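Q: The structure that follows is given in the form of structure tokens.
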Amino acid sequence: MRKSLRWALSLSVLIGTVGSTGAATAADTETGSATVVDSQSTSTDIKDRILAIPGMSLIEEKPYAGYRYFVLEYVQPIDHHRPWAGTFKQRISILHKDTSRPTVFRTSGYGLSTTPSRTEPTRIIDGNQVSMEYRFFTPSRPQPADWSKLDIWQAASDQHRIYTALKSVYGQKWLSTGASKGGMTATYYERFYPRDMDGVVAYVAPNDVVNKEDSAYDRFFETVGTKDCRDRLNAMQREALVRREPLEKKYKAWAESEGATFNTVGSLDKAYEAVVLDFVWGFWQYYGQDVCDQIPDAATASDDTVYETIDAYSGWSAYTDQGLEYYTPYYYQAATELGSPTIKQPHLNGLSRYGYQPASSFVPREIPMKFKPQVMRDVDDWVRKNANRMLFVYGGNDPWGSEQFRLGKGARDSYVYVAPGMNHGANVAGLVESERANATARILAWAGVPAPAVQAAQPLARFDARIDTAVDEDATREHGLRP
């Protein structure tokens, strides 16, 4: 009897998510309204249609020219295997254009910015955009938090339920997208729910198949940019460890003034070295060869200059308890499923005390962790054999692109492109002309855009600097070694 009741509750949760099914929808007016004909609602306002979905509630609506922007909460099961065993509220946002347009489902893999923004695929197809806050990033965290329910399948199932709920409102084609961990998230979603999306655009998505084998990163740092630039960066990084004693005094004074603590990483010394070891990586991830001449000469730089230079490219706050708190879900996933890189940095031999510390070092000790090496192998194997309408874009000078997703013989209408000279902000616009044209055309085609526009291979919406951001604001709050 108890088992039957649980299955009945589970079924009601899943059915309730779908909301108003079978609705006949006319094209939206300029004000974002639509005509709806179904048994539950006759409202013509898009907000009413969205809020008619069971489990959906409004946090706020913000105006933006040409769109309506909603920040919402959606009730999700804590455990999609056992949907009757508790729920939590997950934040999403909707940048609404028109229900007659296709929709992009965007994830950062981190928290949710409540400022309207538009991804490159959204601009290319001139569509709607749904954005999801990744589970366990506050405030989308179950209370109490059972960290075993934070994995890529649970997160993909969050996306599946959101898509299922909103498909009744946004009935045209859907594409998923994301950058960095968001690109990873879009890929994992496709692996577990390959029938949901009509295409995937994954930007700068690392693919750490074998966590203990990271030689690709070492090869990257041996060849990226010019030798003069590499030597300049390595010298500054080495100097920060040579001058560890006086610079740690500065770091300690800063920490005390800010109330920063180091309980998770273990000590100020470990945090100091972790920031210094991120310096070269952070430079190539966020900057590049064109600003290398702005790195001071380490041999003649003052202590203040060395300290400030490391801060500018790595961020002294990154491994404090306060800096790590927001990123705990990421480091937990890196320590249990995603993996994390380790690089050798031979120019620091004799100076580094800890080397690249594992992701588990940045998670509070009371949270249990066990690494599952089969998870990334499974995703990689699936992509190689089953990728269909998937586009991967990497930056030629981005360290995270050292381990990429690859396509095998089973892949169909799928592509891996590298934007020359670009960093972790690589995009379709930065590809060489032939690849840019093909990528744009495929995105348009997957979105169901008519053939003439596909053949033109140009974005349908003009660039708007106020809403089209090059950097994923949800992921990049501060520096530190994370995708």
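The values are calculated or read from the model by the stated rules, or taken from the named source; none is laboratory data. Keep in mind that this is a model prediction, so the values were computed, not measured. As a convention, Cβ positions derive from the backbone with ideal geometry for all residues, glycine included, and neighbour counts pool all protein chains shown. The protein model used for the area step is the full one, side chains on, heavy atoms only, and it has no ligands, DNA or RNA in it. Shrake-Rupley method; radii C 1.70, N 1.55, O 1.52, S 1.80 Å.
Q: If you check residue 405 against the conditions, is it farther than 26 Å from residue 310 by Cβ, in a loop (DSSP other than H, G, I, E, B) and either at pLDDT below 95 or within 21 Å of the chain's Cα centre (by Cα) (or both)?
A: Numbers: farther than 26 Å from residue 310 by Cβ: yes; in a loop (DSSP other than H, G, I, E, B): yes; either at pLDDT below 95 or within 21 Å of the chain's Cα centre (by Cα) (or both): yes.
The answer is yes for residue 405.
Listed here are the residues, each with its yes/no results for (1) closer than 17 Å to residue 151 by Cβ; (2) outside any helix (DSSP H, G or I); (3) among the acidic types (Asp, Glu); (4) modelled with pLDDT under 95.
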| position | (1), (2), (3), (4) |
| --- | --- |
| 318 | no, yes, no, no |
| 329 | yes, no, no, no |
| 350 | no, yes, no, no |
| 378 | yes, no, yes, no |
| 382 | yes, no, no, no |
| 392 | no, yes, no, no |
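Q: Then there is this: Checking the condition modelled with pLDDT of 95 or more, buried (at least 16 other Cβ atoms within 10 Å of the Cβ) and assigned to a loop (DSSP other than H, G, I, E, B), which residue from 426, 475, 445, 441 passes?
A: Answer to the selection: 426.
Q: From the list 401, 396, 408, which one is on the phi < 0 side of the Ramachandran plot and crowded, with 21+ Cβ neighbours inside 10 Å?
A: 401
Q: If you take the residues in the range 38-87 that are in a loop (DSSP other than H, G, I, E, B), within 20 Å of residue 129 (Cβ to Cβ) and small (Gly, Ala, Ser), which one is least open to solvent (accessible area, probe 1.4 Å)?
A: By that ranking, first place goes to 66.
Q: For the range 295-316, enumerate the residues that are open to solvent by less than 10 Å² (accessible area, probe 1.4 Å) and assigned to a helix (DSSP H, G or I).
A: Selection gives 306, 310.
Q: Separate question: Provide a single number: the residues in the range 331-361 that are open to solvent by less than 30 Å² (accessible area, probe 1.4 Å), hydrophobic (A, V, I, L, M, F, W, C) and farther than 18 Å from residue 374 by Cα.
A: The qualifying residues number 2.
Q: Then there is this: Does residue 101 satisfy the criteria of being part of a loop (DSSP other than H, G, I, E, B), open to solvent by 30 Å² or more (accessible area, probe 1.4 Å) and in contact with a Gly (Cβ under 6 Å, 6 or more places away or on another chain)?
A: Yes.
Q: Given the range 126-239, what strands (runs of 3 or more DSSP E) lie entirely inside it while holding 1 or more residues that are in contact with a strand residue (DSSP E or B) (Cβ under 6 Å, 6 or more places away or on another chain) and free of Cβ contacts under 8 Å to residues at least 40 places away in the same chain? Steps first, please.
A: Working: elements: 128-132, 174-179, 200-203.
Because the criterion is at least 1 residues that are in contact with a strand residue (DSSP E or B) (Cβ under 6 Å, 6 or more places away or on another chain) and free of Cβ contacts under 8 Å to residues at least 40 places away in the same chain, the strands (runs of 3 or more DSSP E) in the range 126-239 that meet it are 128-132.
Q: List every residue pair whose Cβ atoms lie under 9 Å apart, where the two residues are 6 or more positions apart in sequence or sit on different chains, the first residue falls within the range 322-335 and is closer than 14 Å to residue 266 by Cα, and the second residue, located anywhere, is assigned to a helix (DSSP H, G or I) and open to solvent by 20 Å² or more (accessible area, probe 1.4 Å).
A: Sorted first by the residue in the range 322-335, then by its partner, the pairs are 322/258.
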